[in-house]
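First up is the structure itself, then whatever we jot down about it.
All of the numbers you see were taken from the coordinates with simple rules; none came from a lab. Only a predicted model underlies this, so the values are computations on that prediction, with no experimental measurement involved. Cβ placement follows ideal geometry from the backbone for every residue including glycine, while neighbour counts extend to all protein chains displayed.
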Amino acid sequence: MKGAKKLVVPPLSGQVETLPLADISARLGTMEAEAIGECPWPRFPYRPWVNFQTAHMSTAICLKFNVREQAVRALVSGGGGAVGDDSCVEFFVAPAAGDYYYNFEFNCQNVEHRIDCPWAG
């Protein structure tokens, strides 16, 4: 992916697999936040303030987005909907080997939408 950045994702220590989501969020909140410095969609000039914290467990990647914006759109409340039409955050990830990368979109109602994207080329 052109311009893709590599991010070192630290592990969450201890027996985290059974922790409640609130506890995982609290642990992520103590980690250094990464700023989002890219907005690759020129037709959308508005840029809310966003940063995130991330860590991994043996079977999961944990993300905590922190967003401040002037107005929030949150119409999608069911799974798999058009989350990208709401105010949302996105996470792109690509396995080390493979023909696809994955785009995860989340709105503030915790609705997630995953898109499997073939590598262009």
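For region 1-54, name all the residues that are over 25 Å from residue 95 (Cβ atoms), hydroxyl-bearing (Ser, Thr, Tyr) and not in a loop (DSSP other than H, G, I, E, B).
Across region 1-54, the qualifying residue is only 25.
Filter region 12-58 down to the residues that are loosely packed, with under 10 Cβ neighbours inside 10 Å and of a type in the set (D, E, K, R), then identify the one that is farthest from residue 70 (Cα to Cα).
Here the residue is 32.
Which count do you get for residues in region 79-98 that are closer than 22 Å to residue 9 by Cα, assigned to a loop (DSSP other than H, G, I, E, B) and free of Cβ contacts under 8 Å to residues at least 60 places away in the same chain?
4
Of everything in region 68-97 that's small (Gly, Ala, Ser) and more than 29 Å from residue 118 (Cβ to Cβ), which residue is surrounded by the fewest Cβ atoms within 10 Å (Cβ to Cβ)? Please lay out each step first, then the result.
The initial filter retains those residues of region 68-97 that are small (Gly, Ala, Ser), namely 71, 74, 77-82, 84, 87, 94, 96-97.
Now narrow it down to the ones that are more than 29 Å from residue 118 (Cβ to Cβ): 71, 74, 77.
Details: 71: 7, 74: 13, 77: 11.
Only one residue fits best here, namely 71.
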